[in-house]
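Enquirer: Structure in structure tokens, see below.
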Amino acid sequence: MPITRYDGAEADDMCEALSSPSATLVVGQRQQAAYAKMVAVKDEAPNGWPCRRVCGAALMALSVPGFLAFVAKYHEDSMTSVMEAPATRYELCVTTEYERRTGYRIGDGLYPHGHIAQVRAPNRLELRSPSDDEGTLSWRWRVTGFKSDITVVDSVATVENDDGKSAFDVVFPHVGAYRVVATWEDVSVNEIVHARVVRRELRTLTSADRERYLSALHAVYAVDQAAGIKKYGRMWKSADWLVREHLYGASSIECDHWHDDAGMLQHHVGITWQLENSLRLVDDSTAAHWWDYTIDAADYGSSWARSPIFSDDWFGTASPHNPDHVLDTGRFAFTRVLLLSGTERFASVLANPYGLLRSPWNTNKIPFLLRYNRTLGALTDGYRTPPTCSLFASWLREPWLGRFLLGINGALHGPVHIMIGGLWTFETSKWTEALSSRLQFPDAFLLLGKFLWRQGYARCPTACSSDTRPQDCVCSCPAAIMRGRNATVFLEDAGVTSLNPNANLADLLSEFGLSDQDYLEELCRVGHPGEMFTSAAPQDPTFWPLHGNQERFIQYARLLKHRGFLNFSEHWGYAHANQNPSDTGVVCDWSSVDAGTFDMPKCAAKTCPGHRAEDLLPFEDLHLVNLPGEVEDELDVVDGTTSAKMPVYYTNLEFYEATNPLAMQLPYVYDSVSRWPACGGNGDLLSSM
């Protein structure tokens, strides 16, 4: 039976008891350095459970007393901006149809700074009082930009809820702060509302909103960079542009700047933000919505590909039924891989030998999006399901940010890339399912192949004509580099033997009549992976909703730490894994290697640029949002939002500070951070630890 979903019946009474958490939780100043240890402040656990559903609708109790206590504690503080009439105190409640349907506030009520509204969507403003006998009052509403004399709404119009309470519907046109003033006779309610882009789990979207998102995403793939700039403006980033950006960072021959070590989180938060900007240029009502794949692990188990995520109306099948593995059905069927020629060529861009926007070691000539549910024959790389809720919960126990980054890069999301991308070989008679299904880590073949390429042992052709057969355009380990060594010695000298995580490999090679030479040849060829298992992963539209789950996870951890329910160090760094051929801690300098020669690069144990606290990230025009009372606002060219004046490029540490959910300076929020329905019970990740 499917587990309980996020959505549910419309709550009967949405705005009676609690207001949003107080703005006194955190004011909008930039946070202290991410590596500085924050002082944990614990609240006293109450005797009973507070609610944190929308404006007082009931919420089942969580099992961690104190965690929601601060919501109740700050409920009292959040009423300070209400001017009271002698006998009655009124509370402002802000909801969209989603909050009224589920009964939960945006972000589960855990984001600071009071009321959060969804930008470019109908928001209902309601005023409630402890008294139920006052009926509908003729409130006069005035909504203005916080630091602007532009009036968004100035009206006495009201709508009446089923229970006869006063309400008013309004659309906030831009991201930023708004002042909401409601007056009636001698009563005045004066509140600040923060409008944000709201990222929602894909299944919770209405059919109309999901169609808007998918249509906008399709446009990002269909409209090239030049046409997009002409149509949407200079902020446009096409899918090809974003693939190129990811490819430059992840397929660099010196090291992977975007993954492993501490490279994963920041780069993927940034590129998803860029994608969201493009989506909203197409349709400003949408967002970079996210995918909770732990639900698919719980609902479908090993049949996870039956998820609606992979329906033709959404992202298309997880494993196409054709010999080339081309996605050939659905909305994203035959999504083209850019051929770098003529006016389409980006200056000095990385490409594969056929000129396609792929990793240099991915020599596949098929110019379309590829997916395959097997890795060297092993079904879904040996993983039974996507990462589970219990796995996420277990990582909340980690004592250091570096451990969180290790999990986010690997166990908590990496398997999904491999399960959708897959890997196939020309030597199917050797590397059979019977063999590969017994390997602990079939994906290590590709990772070790990349390792050999970066170290200079494997060399890939730089150009192949369009009529070159695939088996004639592959990477190899040339004899000039082997230098007479047999495969066993070469594997040892190159470092492959010590990095190989498949402890049973030697026994399997012997059992299936294969040798170290067969093994080495397969590694040196690298093989043909689907897009999601490559440095060009953004070529697959499933790349985008995948990463929201990691960002909301780290946001939740930081919110929990702030209130003292977690205690982990935020000193910048990374916890390296043992026997991980992707995370070698080695950087190779190719500057002295002449093209066409078999000279070797100078490789040394170093931290890859892009991973250190002071390294610059490649993103520009990612604008933060000022809060009331901060520095003078600056107009954001994306949609007119008011944005903090920030440097064009951030360091890792600056970006980590800027994206702190406590600061509320991101233009977007998540609909939920604490609710993980696949955990069962009350669905809270913390209570599943």
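The values are calculated or read from the model by the stated rules, or taken from the named source; none is laboratory data. The model shown is predicted, which means the values in this text are computed figures rather than measured ones. Please note: Cβ atoms are built from the backbone with ideal geometry, for glycine as well, and neighbour counts cover all protein chains shown.
Enquirer: Just wondering, is there one or more residues in region 477-492 that are at pLDDT 95 or above, in a helix (DSSP H, G or I) and within 32 Å of the chain's Cα centre (by Cα)?
Expert: Within region 477-492, not a single residue is at pLDDT 95 or above, in a helix (DSSP H, G or I) and within 32 Å of the chain's Cα centre (by Cα).
Enquirer: Considering each residue of region 182-201, count those that are at pLDDT 95 or above and either out of contact with any strand residue (DSSP E or B) (no Cβ under 7 Å at 6 or more places or on another chain) or not assigned by TED's automatic domain parsing to the domain that holds W141 (or both), and give that number.
Expert: Total satisfying the criteria: 1.
Enquirer: Which one is nearest to L242 (Cα to Cα) among residues in region 539-575 that are in contact with a Phe, Trp or Tyr (Cβ under 7 Å, 6 or more places away or on another chain) and of a type in the set (D, E, K, R)?
Expert: R552
Let's see how each residue does on (1) aliphatic (A, V, I, L, M); (2) out of contact with any helix residue (DSSP H, G or I) (no Cβ under 6 Å at 6 or more places or on another chain):
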{"position": "N190", "(1), (2)": "no, no"}
{"position": "R212", "(1), (2)": "no, yes"}
{"position": "V220", "(1), (2)": "yes, no"}
{"position": "A227", "(1), (2)": "yes, yes"}
{"position": "K230", "(1), (2)": "no, yes"}
{"position": "R234", "(1), (2)": "no, yes"}
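Enquirer: Among the residues of region 280-288, is any modelled with pLDDT of 95 or more, surrounded by 21 or more Cβ atoms within 10 Å (Cβ to Cβ), under 28 Å from Y670 (Cα atoms) and of a type in the set (K, R)?
Expert: Yes, there is a match, as at least one residue in region 280-288 is modelled with pLDDT of 95 or more, surrounded by 21 or more Cβ atoms within 10 Å (Cβ to Cβ), under 28 Å from Y670 (Cα atoms) and of a type in the set (K, R).
Enquirer: Still on this structure: Looking only at region 499-520, count every residue that is within 22 Å of W361 (Cα to Cα) and out of contact with any Cys (no Cβ under 8 Å at 6 or more places or on another chain) and tell me the total.
Expert: 7
Enquirer: Against the conditions (1) in contact with a Phe, Trp or Tyr (Cβ under 9 Å, 6 or more places away or on another chain); (2) under 17 Å from F512 (Cβ atoms); (3) assigned to a loop (DSSP other than H, G, I, E, B), where does L412 fall short? Just the number, please.
Expert: The single condition L412 does not satisfy is (2).
Enquirer: Taking region 201-235 only, how many residues are in a helix (DSSP H, G or I), among the β-branched types (V, I, T) and more than 16 Å from Q274 (Cα to Cα)?
Expert: Number of matching residues: 1.
Enquirer: Taking the condition of being closer than 18 Å to I253 by Cα and touching a residue at least 60 places away in the same chain (Cβ under 8 Å), how many residues in region 450-477 meet it?
Expert: Number of matching residues: 16.
Enquirer: Scan region 374-432 residue by residue and report those that are among the acidic types (D, E) and at pLDDT below 95.
Expert: Selection gives D381, E427.
Enquirer: Name every residue in region 634-681 that is touching a strand residue (DSSP E or B) at 6+ places or on another chain (Cβ under 9 Å), assigned to a loop (DSSP other than H, G, I, E, B), at pLDDT 80 or above and surrounded by fewer than 20 Cβ atoms within 10 Å (Cβ to Cβ), in order of residue number.
Expert: Y649
Every residue, every condition in (1) surrounded by fewer than 19 Cβ atoms within 10 Å (Cβ to Cβ); (2) among the acidic types (D, E), yes or no:
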position: G449; (1), (2): no, no
position: W453; (1), (2): no, no
position: Q471; (1), (2): yes, no
position: V489; (1), (2): yes, no
position: D493; (1), (2): yes, yes
position: S498; (1), (2): yes, no
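Enquirer: Only one of (1) under 22 Å from the mean Cα position of the chain (by Cα); (2) surrounded by 22 or more Cβ atoms within 10 Å (Cβ to Cβ); (3) closer than 23 Å to G301 by Cβ is not met by R358, so which one is it?
Expert: It is condition (3) that R358 fails.
Enquirer: In this structure, is Q539 within 20 Å of H259 (Cβ to Cβ) and at pLDDT 95 or above?
Expert: Yes: the conditions hold for Q539.
Enquirer: Continuing with the same structure: State the number of residues belonging to region 213-231 that are of a type outside the set (V, I, T) and surrounded by 20 or more Cβ atoms within 10 Å (Cβ to Cβ).
Expert: 6
Enquirer: Let me ask something additional. Can you name the residue in region 514-540 that is surrounded by 24 or more Cβ atoms within 10 Å (Cβ to Cβ) and in a loop (DSSP other than H, G, I, E, B) and, of all such residues, is nearest to the chain's Cα centre (by Cα)?
Expert: Applying the filter and picking the extreme gives D540.
Enquirer: Restricting the search to region 390-444, which residues are in contact with a strand residue (DSSP E or B) (Cβ under 7 Å, 6 or more places away or on another chain) and crowded, with 17+ Cβ neighbours inside 10 Å?
Expert: Result: L401, I418, G421, G422, L423, W424, S436, L439, P442, D443.
Enquirer: What's the total number of residues in region 309-330 that are buried (at least 17 other Cβ atoms within 10 Å of the Cβ) and among the hydroxyl-bearing types (S, T, Y)?
Expert: 2
Enquirer: Within region 188-234, how many residues turn out to be among the aliphatic types (A, V, I, L, M) and in contact with an Asp or Glu (Cβ under 6 Å, 6 or more places away or on another chain)?
Expert: Final tally of qualifying residues: 2.
Enquirer: Let me ask another. Restricting to region 155-178, give me the number of residues that are buried (at least 18 other Cβ atoms within 10 Å of the Cβ) and modelled with pLDDT of 90 or more.
Expert: So the count comes out to 7.
Enquirer: For K365, all conditions in the list (1) surrounded by fewer than 19 Cβ atoms within 10 Å (Cβ to Cβ); (2) at pLDDT 95 or above; (3) touching a helix residue (DSSP H, G or I) at 6+ places or on another chain (Cβ under 7 Å); (4) not aliphatic (A, V, I, L, M) hold save one; what is the number of the exception?
Expert: (1)
Enquirer: Same structure, new question: Scan region 576-590 for residues that are at pLDDT below 95 and assigned to a loop (DSSP other than H, G, I, E, B) and jot them down.
Expert: H576, A577, N578, Q579, N580, P581, S582, D583, T584, G585, listed by residue number.
Enquirer: Kindly list, by first and then second residue, each pair from a residue in region 511-526 that is farther than 12 Å from L448 by Cβ to a residue that is among the polar types (S, T, N, Q), limited to pairs with Cβ atoms under 8 Å and residues at least 6 apart or on different chains.
Expert: Sorted first by the residue in region 511-526, then by its partner, the pairs are F512/T432; D516/N486; D516/T488; Q517/N486; E521/S476.
Enquirer: Could you go through region 261-272 and let me know if any residue there is surrounded by 15 or more Cβ atoms within 10 Å (Cβ to Cβ), in contact with a Phe, Trp or Tyr (Cβ under 7 Å, 6 or more places away or on another chain) and within 19 Å of V175 (Cβ to Cβ).
Expert: Among the residues of region 261-272, at least one is surrounded by 15 or more Cβ atoms within 10 Å (Cβ to Cβ), in contact with a Phe, Trp or Tyr (Cβ under 7 Å, 6 or more places away or on another chain) and within 19 Å of V175 (Cβ to Cβ), which makes the answer yes.
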